[in-house]
Amino acid sequence: MALDPQTLAALAPTQFVALLKRTPDAEIRRDFEGEHRTALLDAIFQRFPEQFRPEKAGDRSARIDFRITGGPGGSSDTYAVVVADGACVVEKGSGAEPDLSLMMGPLEFLKVITGTGNPAMMFMMGKLKAKGDLGIAGGLANWFEPPTR
């Protein structure tokens, strides 16, 4: 397993990007189909509040649901990133109606959050699906500290 949940949680953003770049896509997909999927996703989503830049979000409030497909037996997992009042929290599962809902496989998700992939191209190719306020999608990357590649 290339992506170990404990190691992943301890990596700096630049180390995380470097690990992803040297890990073959097939291995990443395999890791996210296995028993450590939930721990991997939890470790990744716990970074969102730490990397949130409230000055970039301004007074915007949004609930963004990330539905990550490619789980065991074709399952998916949903995490909500909730931005309100200058803070960011993550909730597991879907709850209230999201302002924006994004659906993608684990590989595409990792490329989007690390800035190593092109979300617009993924959207056009059908690898990323978006529903709701697409204006949020356009500014979302600015709301979080980008990892240095």
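Quick notes
- Looking only at residues in segment 102-131 that are open to solvent by 50 Å² or more (accessible area, probe 1.4 Å) and outside any helix (DSSP H, G or I), the one that is modelled with the lowest pLDDT is Thr116.
- Each residue in segment 2-42 was checked for being more than 18 Å from Gly105 (Cα to Cα) and out of contact with any Leu (no Cβ under 9 Å at 6 or more places or on another chain), and 8 pass.
- Subset of segment 133-149 [closer than 18 Å to Phe48 by Cβ, open to solvent by less than 60 Å² (accessible area, probe 1.4 Å) and outside any loop (DSSP other than H, G, I, E, B)]: Ile136, Ala137, Gly139, Leu140, Trp143, Phe144
- Inside segment 40-74, residues that are part of a loop (DSSP other than H, G, I, E, B), open to solvent by 50 Å² or more (accessible area, probe 1.4 Å) and out of contact with any strand residue (DSSP E or B) (no Cβ under 8 Å at 6 or more places or on another chain) make up a count of 1.
- Scanning segment 1-39 for residues that are of a type in the set (A, V, I, L, M), in a helix (DSSP H, G or I) and without any contact (Cβ under 8 Å) to a residue 60 or more places away in the chain returns Leu8, Ala9, Ala10, Ala18, Leu19, Ala26, Ala39.
The values are calculated or read from the model by the stated rules, or taken from the named source; none is laboratory data. Predicted model only: the values in this text are computed from it and were never measured. All Cβ positions, glycine included, derive from the backbone under ideal geometry; neighbour counts span all protein chains shown. The accessibility values were calculated without ligands, DNA or RNA, using every heavy atom of the protein model including side chains. Shrake-Rupley method; radii C 1.70, N 1.55, O 1.52, S 1.80 Å.
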